[in-house]
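Novice: There's a structure below that I have some questions on.
The values are calculated or read from the model by the stated rules, or taken from the named source; none is laboratory data. Everything numeric here is computed off the predicted structure, so don't read it as measured data. Using ideal geometry, Cβ is built from the backbone for each residue, glycine included, and neighbour counts are taken over all protein chains shown.
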Number of protein chains: 2
Amino acid sequence: MNVTEQARLGKEAWQHAILDGATRKAVLETAAELITEREAEIDRANREDITRSAAEGMSLAMQDRLRLSSSRIADMAEGLREVAALPDPLGQIQKAWTLPNGLEIKRVSVPLGLVGIIYESRPNVTIEAGSLIFKAGNAVILRGGSAARRSNEILVEIMQEALRRYGLDAALIQLLDDPTREGSLALMRCHEYVDVLIPRGGKQLIAQVVEDASVPVIRTGEGNCHLYVDETADPQMALAILLNGKMQRPSVCNALETFLVHKKEAGSFLPMVAEAMGGKCELRICAEASAILGSAYPRATEEDYATEYNDYILTIKVVAGVDEAIEHINRYGTGHSEAIVTEDLGRAERFLNAVDAAAVYLNASTRFTDGAQFGFGGELGISTQKLHARGPMGLEALVSYKYKIYGDGQIRA
Amino acid sequence: MNVTEQARLGKEAWQHAILDGATRKAVLETAAELITEREAEIDRANREDITRSAAEGMSLAMQDRLRLSSSRIADMAEGLREVAALPDPLGQIQKAWTLPNGLEIKRVSVPLGLVGIIYESRPNVTIEAGSLIFKAGNAVILRGGSAARRSNEILVEIMQEALRRYGLDAALIQLLDDPTREGSLALMRCHEYVDVLIPRGGKQLIAQVVEDASVPVIRTGEGNCHLYVDETADPQMALAILLNGKMQRPSVCNALETFLVHKKEAGSFLPMVAEAMGGKCELRICAEASAILGSAYPRATEEDYATEYNDYILTIKVVAGVDEAIEHINRYGTGHSEAIVTEDLGRAERFLNAVDAAAVYLNASTRFTDGAQFGFGGELGISTQKLHARGPMGLEALVSYKYKIYGDGQIRA
């Protein structure tokens, strides 16, 4: 089916199905059962994807991302149950007031409508994203990576079977039929039916969606994150937060990329950093850091400051103080997560207020920017834009509101 | 100056100026005084615009929209004072919680950043929109209609003078220098610096911005609004709401365009409508209405159902009941304002829930969808999309939030 037709069916299915919370919950619980029941089919489809991708030369690391092992299948089922059990975000009266003319106005949470999601390799996202979007009362069109095509098909088919068991229209949860780049573009431009589009993936995917979409987009997941260590910092705390941010899991968006250090702290602190990380992580450093650590390390360039490595590489820059740190972060950062280590609460507040990012930390690791860590019970991604949702997006980010207004004949004078 | 350079200056000015509420209030109050003091200059600039536009063949009605009469200048000053006096929307702790590991998370309201606004003829919008956006702590780039060029220049200059009196960077409030279509397009695509873009104007302007922008957009002001009169409606109430919605001010976005009536009510009700409106308003009617009212009225087409006339034209359609009314509205509506008149509360709730629009009314006129009517004390437009803000956008729609997270050395396990 072509993209516009799929979107139209999805939107109409959504308009016709105002689902109560109990039904949405039951559909997700049923999907969890079906995933367990149909594990062998999922495994077969997933092996087809991997065999094909391996033949096309996919790296072993990427093949691992693609793999739906038995434990990952169990995790998907468990994830569905967890999303099913979350409190219903719909029908909440956010505000209510009465005008002098007697009109009663209620602002009530409602679904967004038809949500499109474009993502890359991992087929688990089909379940994670699909279940959250559906739990919030939306219809969804999923556009996964072509490598995971067969896996995504079976997973969507399972969710559709769950819908049918409750007499619901399978078009509420669809996989985009058209796997081409043109299909993806058509989805991005289908603002007649698609209410919101969420890209989940690498920098290039996000950039392409932002450039090409006419559907409203929520940008997610670009994380050029910084840690600034102030002159008043506790060195042991600072080092632990730096190591956690850079070394624990460098591939994720809330990992650190650049370390900024106060010039008065640099002389004693940078040698500790070099000793703790030097062997496992490439350090690219500014001229002042070079004067302390020696010329063995490569010099950081403008491009380094602007790069999200997602790897064992750290850029280091010595700064004159909190103001230069703020300046640097606002210039190169992506608005994701930024941290300061200091014992000076005045400087801390200055940093937290002036740094323009979704999550700003005092004396803690940036690695906490995550829906599960925040206690949201699921996450669709981490928004790095300021419209609608910022930071980790849980169910609350997947709803809109409407004004319901009750009168007894009021007209405007 | 070119557009990107202006946007960069605006964003940097915003990043460097974290303004407290008292300063923002004082700037707006000072701008109000300056507008009164400099009335003669505003008048002179505005007359230049009108003389030039008249020579280029502008209609008298459009010339009137362009005119900044003495009373409109006084209204702008008064509007600035009202916006200045609104409660500060920034720094509000929307949520706060503590994680088991001791991290304290606060979700705090912050400005959006640099907001672009593209609008058409009326120069008053320069003050109305500029003041609201600034009150919410944002920087703004205004792109008004070219006919109002000189008027907009003097109004922005006045706001910049107010900024300078408080030692603030004039780049916080700028008029786009480049008046060409390319300049406007460059603003729409400048997502490196512009956080949000709000088009205010006609259907074509909105459509162009939605198609071309890569900056996140808030769509506003498209209003193909409907009234559905159910079989259980009070006919006098229904007629009053219909007349108010269609006839009081047909040029505005919350005015009615299509009237839907239950088939059991149509026989008695449509002749009342024809009698009350027939002389002053063109009626375009469906086949069933034609069977009641006779063949003198033109037949409504698909295009009529999809058109926002903003004029003394009303489309009439007889429907089988509330479900057909909902279906019709969700198909042709623009998600703005929709009303039902009924005494049946079950049907009323069905309508209010199933109709996908920003404001849904029971037994009241759609004309109330307006920031001032809602008590928001100012309005930047009426959002017809579901991301971020829906319905009348007051100050609250012009802010984002950030997470401020306070730790004492927490790292992720």
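Novice: Which one is surrounded by the fewest Cβ atoms within 10 Å (Cβ to Cβ) among residues in the stretch A:298-339 that are over 20 Å from residue A:253 (Cβ atoms) and charged (D, E, K, R)? Write out each step before concluding.
Specialist: Initial filter on the stretch A:298-339 (over 20 Å from residue A:253 (Cβ atoms)): A:298-302, A:316-327.
Still in the list and also charged (D, E, K, R): A:299, A:302, A:317, A:323-324, A:327.
Values: A:299: 12, A:302: 8, A:317: 24, A:323: 14, A:324: 16, A:327: 17.
Within the stretch A:298-339, the match that is surrounded by the fewest Cβ atoms within 10 Å (Cβ to Cβ) is A:302.
Novice: Further question: Just for the stretch B:4-24: of the residues that are within 13 Å of residue B:168 (Cα to Cα) and of a type in the set (D, E, K, R), which one is surrounded by the fewest Cβ atoms within 10 Å (Cβ to Cβ)?
Specialist: This residue is B:20.
Novice: A follow-up question, please. Regarding residue B:186, is this residue out of contact with any Gly (no Cβ under 6 Å at 6 or more places or on another chain), more than 11 Å from chain A (Cβ to nearest Cβ) and at pLDDT 95 or above? If you could, list the steps in order and put the result at the bottom.
Specialist: Values: out of contact with any Gly (no Cβ under 6 Å at 6 or more places or on another chain): yes; more than 11 Å from chain A (Cβ to nearest Cβ): yes; at pLDDT 95 or above: yes.
Yes: the conditions hold for residue B:186.
Novice: Residues being at pLDDT 95 or above and within 8 Å of another protein chain (Cβ to nearest Cβ): count how many of those fall in the stretch B:190-206.
Specialist: 2
Novice: On to the next question. Can you pull out the residues in the stretch B:93-124 that are within 14 Å of chain A (Cβ to nearest Cβ) and either touching a helix residue (DSSP H, G or I) at 6+ places or on another chain (Cβ under 6 Å) or assigned to a loop (DSSP other than H, G, I, E, B) (or both)?
Specialist: Filtering the stretch B:93-124 down to residues within 14 Å of chain A (Cβ to nearest Cβ) leaves B:93-116.
Within the stretch B:93-124, B:99, B:100, B:101, B:102, B:103, B:112, B:113, B:114, B:115, B:116 qualify.
Novice: Among the acidic types (Asp, Glu) and away from every other protein chain (no Cβ under 14 Å): is that true of residue A:49 in this structure? Before you say what the answer is, go through the steps one by one.
Specialist: Numbers: among the acidic types (Asp, Glu): yes; away from every other protein chain (no Cβ under 14 Å): yes.
Yes.
Novice: Continuing with this model, one more query. Can you pull out the residues in the stretch A:272-311 that are of a type outside the set (A, V, I, L, M, F, W, C) and touching a Leu at 6+ places or on another chain (Cβ under 6 Å)? It would help to see each step written out before you state the result.
Specialist: If we filter the stretch A:272-311 for residues that are of a type outside the set (A, V, I, L, M, F, W, C), which is where we start, we get A:275, A:278-280, A:282, A:284, A:288, A:290, A:294-295, A:297-299, A:301-305, A:307-311.
Once the filter is applied, which keeps residues that are of a type outside the set (A, V, I, L, M, F, W, C) and touching a Leu at 6+ places or on another chain (Cβ under 6 Å), the stretch A:272-311 yields only A:297.
Novice: Considering the stretch B:258-271 alone, what residues qualify as being in contact (Cβ under 8 Å) with a residue 40 or more places away in the chain and of a type in the set (Gly, Ala, Ser)? Step through it out loud before you land on a result.
Specialist: So the first thing to find is which residues in the stretch B:258-271 are in contact (Cβ under 8 Å) with a residue 40 or more places away in the chain, and the list is B:258-263, B:266, B:269-270.
Scanning the stretch B:258-271 gives a single hit, B:266.
Novice: Here are some conditions: (1) in contact with a strand residue (DSSP E or B) (Cβ under 9 Å, 6 or more places away or on another chain); (2) more than 30 Å from residue A:115 (Cα to Cα); (3) part of a helix (DSSP H, G or I). Residue A:243 meets all but one. Which one does it not meet?
Specialist: (1)
Per-residue answers, yes or no, for (1) modelled with pLDDT of 95 or more; (2) surrounded by fewer than 23 Cβ atoms within 10 Å (Cβ to Cβ); (3) polar (S, T, N, Q):
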position	(1), (2), (3)
B:71	yes, yes, yes
B:85	yes, yes, no
B:88	yes, yes, no
B:92	yes, yes, yes
B:131	yes, no, yes
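Novice: Continuing with the same structure: Kindly check whether there is at least one residue in the stretch B:366-389 that is assigned to a strand (DSSP E or B), within 8 Å of chain A (Cβ to nearest Cβ) and buried (at least 20 other Cβ atoms within 10 Å of the Cβ). Can you show your working first?
Specialist: Taking the stretch B:366-389 and keeping what is assigned to a strand (DSSP E or B), we get B:382-383.
Cutting the leftovers down to within 8 Å of chain A (Cβ to nearest Cβ) gives us none.
Scanning the stretch B:366-389, I find no residue that is assigned to a strand (DSSP E or B), within 8 Å of chain A (Cβ to nearest Cβ) and buried (at least 20 other Cβ atoms within 10 Å of the Cβ), so the answer is no.
Novice: Is there a residue in the stretch A:229-248 that is modelled with pLDDT under 95, surrounded by 15 or more Cβ atoms within 10 Å (Cβ to Cβ) and of a type in the set (Val, Ile, Thr)?
Specialist: yes
Novice: What number of residues in the stretch A:344-364 are under 18 Å from the mean Cα position of the chain (by Cα) and either more than 9 Å from chain B (Cβ to nearest Cβ) or of a type in the set (Val, Ile, Thr) (or both)?
Specialist: Number satisfying all stated conditions: 1.
Novice: Right, another one. Residues in the stretch B:262-271: is at least one basic (Lys, Arg) and either farther than 30 Å from residue B:204 by Cβ or surrounded by fewer than 21 Cβ atoms within 10 Å (Cβ to Cβ) (or both)? Before the answer, list the steps.
Specialist: First pass over the stretch B:262-271, keeping only residues basic (Lys, Arg): B:263-264.
Still in the running and either farther than 30 Å from residue B:204 by Cβ or surrounded by fewer than 21 Cβ atoms within 10 Å (Cβ to Cβ) (or both): B:263-264.
Yes, because at least one residue in the stretch B:262-271 is basic (Lys, Arg) and either farther than 30 Å from residue B:204 by Cβ or surrounded by fewer than 21 Cβ atoms within 10 Å (Cβ to Cβ) (or both).
Novice: Can I ask one more? Among the listed residues A:31, A:55, A:40, which satisfies the condition of being in the same structural domain as residue A:81 (by TED's automatic domain parsing) and surrounded by 18 or more Cβ atoms within 10 Å (Cβ to Cβ)? Working first, answer last.
Specialist: On the way: A:55 fails: surrounded by 18 or more Cβ atoms within 10 Å (Cβ to Cβ); A:40 fails: surrounded by 18 or more Cβ atoms within 10 Å (Cβ to Cβ).
Result of the check over A:31, A:55, A:40: A:31.
Novice: Any residue at all in the stretch A:48-56 that is under 20 Å from residue A:154 (Cα atoms), acidic (Asp, Glu) and touching a Leu at 6+ places or on another chain (Cβ under 9 Å)?
Specialist: Yes, that holds for at least one residue.
Novice: Let me ask another. Which residues, counting only those in the stretch A:400-413, are surrounded by fewer than 21 Cβ atoms within 10 Å (Cβ to Cβ) and either part of a strand (DSSP E or B) or modelled with pLDDT of 95 or more (or both)?
Specialist: From the stretch A:400-413, those surrounded by fewer than 21 Cβ atoms within 10 Å (Cβ to Cβ) are A:401, A:406, A:408-409, A:411-413; that's our starting set.
Correct list: A:401, A:406, A:408, A:409, A:411, A:412.
Novice: Another one. In the stretch B:249-261, which residue that is of a type in the set (A, V, I, L, M, F, W, C) and assigned to a loop (DSSP other than H, G, I, E, B) is surrounded by the fewest Cβ atoms within 10 Å (Cβ to Cβ)? Give the steps one after another, and end with the answer.
Specialist: In the first step, residues of the stretch B:249-261 are kept if they are of a type in the set (A, V, I, L, M, F, W, C); the result is B:252-253, B:255-256, B:259-261.
Applying the additional criterion that residues be assigned to a loop (DSSP other than H, G, I, E, B) yields B:252-253, B:255.
Working: B:252: 15, B:253: 21, B:255: 24.
Looking at the filtered set, the residue picked out is B:252.
Novice: As an exercise: evaluate residue B:113 against (1) touching a Leu at 6+ places or on another chain (Cβ under 9 Å); (2) under 30 Å from residue A:375 (Cα atoms) and give the number of the one condition it does not meet.
Specialist: (1)
Novice: Looking at B:357, B:296, B:339, B:274, which is the one that is in contact with a helix residue (DSSP H, G or I) (Cβ under 6 Å, 6 or more places away or on another chain) and either in contact (Cβ under 8 Å) with a residue 40 or more places away in the chain or in a loop (DSSP other than H, G, I, E, B) (or both)?
Specialist: Numbers: B:357 fails: in contact with a helix residue (DSSP H, G or I) (Cβ under 6 Å, 6 or more places away or on another chain); B:296 fails: in contact with a helix residue (DSSP H, G or I) (Cβ under 6 Å, 6 or more places away or on another chain); B:274 fails: either in contact (Cβ under 8 Å) with a residue 40 or more places away in the chain or in a loop (DSSP other than H, G, I, E, B) (or both).
Being in contact with a helix residue (DSSP H, G or I) (Cβ under 6 Å, 6 or more places away or on another chain) and either in contact (Cβ under 8 Å) with a residue 40 or more places away in the chain or in a loop (DSSP other than H, G, I, E, B) (or both) holds for just one of B:357, B:296, B:339, B:274, which is B:339.
Novice: If you don't mind, there's one more thing I want to ask. Could you check, for the stretch A:255-267, whether at least one of its residues is of a type in the set (Gly, Ala, Ser), more than 24 Å from residue A:355 (Cα to Cα) and more than 14 Å from every other protein chain (Cβ to nearest Cβ)?
Specialist: Taking the stretch A:255-267 as the starting set, the residues that turn out to be of a type in the set (Gly, Ala, Ser) are A:255, A:266-267.
From what's left, more than 24 Å from residue A:355 (Cα to Cα): A:267.
Then keep just the ones that are more than 14 Å from every other protein chain (Cβ to nearest Cβ); that gives A:267.
Among the residues of the stretch A:255-267, at least one is of a type in the set (Gly, Ala, Ser), more than 24 Å from residue A:355 (Cα to Cα) and more than 14 Å from every other protein chain (Cβ to nearest Cβ), which makes the answer yes.
Novice: Let me ask another. For the stretch B:164-187, how many residues meet the condition of being assigned to a loop (DSSP other than H, G, I, E, B), surrounded by fewer than 16 Cβ atoms within 10 Å (Cβ to Cβ) and either touching a Pro at 6+ places or on another chain (Cβ under 9 Å) or in contact (Cβ under 8 Å) with a residue 60 or more places away in the chain (or both)?
Specialist: If we filter the stretch B:164-187 for residues that are assigned to a loop (DSSP other than H, G, I, E, B), which is where we start, we get B:166-169, B:176-180.
Cutting the leftovers down to surrounded by fewer than 16 Cβ atoms within 10 Å (Cβ to Cβ) gives us B:166-167, B:177, B:179-180.
If we keep only those that are either touching a Pro at 6+ places or on another chain (Cβ under 9 Å) or in contact (Cβ under 8 Å) with a residue 60 or more places away in the chain (or both) as well, we get B:166, B:177.
Summing the residues that are assigned to a loop (DSSP other than H, G, I, E, B), surrounded by fewer than 16 Cβ atoms within 10 Å (Cβ to Cβ) and either touching a Pro at 6+ places or on another chain (Cβ under 9 Å) or in contact (Cβ under 8 Å) with a residue 60 or more places away in the chain (or both) in the stretch B:164-187 gives 2.
Novice: Take residue A:210 and tell me if it is outside any helix (DSSP H, G or I) and in contact with a Lys or Arg (Cβ under 8 Å, 6 or more places away or on another chain). Quick ask: steps written out before the conclusion?
Specialist: Values: outside any helix (DSSP H, G or I): no; in contact with a Lys or Arg (Cβ under 8 Å, 6 or more places away or on another chain): yes.
It is false that residue A:210 is outside any helix (DSSP H, G or I) and in contact with a Lys or Arg (Cβ under 8 Å, 6 or more places away or on another chain).
Novice: Mind listing whichever residues of the stretch B:207-228 are away from every other protein chain (no Cβ under 11 Å) and either at pLDDT 95 or above or in contact with an Asp or Glu (Cβ under 9 Å, 6 or more places away or on another chain) (or both)? Break it down into steps so the answer makes sense when it comes.
Specialist: In the first step, residues of the stretch B:207-228 are kept if they are away from every other protein chain (no Cβ under 11 Å); the result is B:220-228.
Scanning the stretch B:207-228 gives B:222, B:223, B:224, B:225, B:226, B:227, B:228.
Novice: Specify which of the listed residues (B:75, B:43, B:49) is touching a Lys or Arg at 6+ places or on another chain (Cβ under 6 Å) and not hydrophobic (A, V, I, L, M, F, W, C).
Specialist: Values: B:75 fails: touching a Lys or Arg at 6+ places or on another chain (Cβ under 6 Å); B:43 fails: touching a Lys or Arg at 6+ places or on another chain (Cβ under 6 Å).
Result of the check over B:75, B:43, B:49: B:49.
Novice: Let me ask another. Can you tell me which residues in the stretch A:1-21 are hydrophobic (A, V, I, L, M, F, W, C) and at pLDDT 95 or above?
Specialist: Selection gives A:3, A:7, A:9, A:13, A:14.
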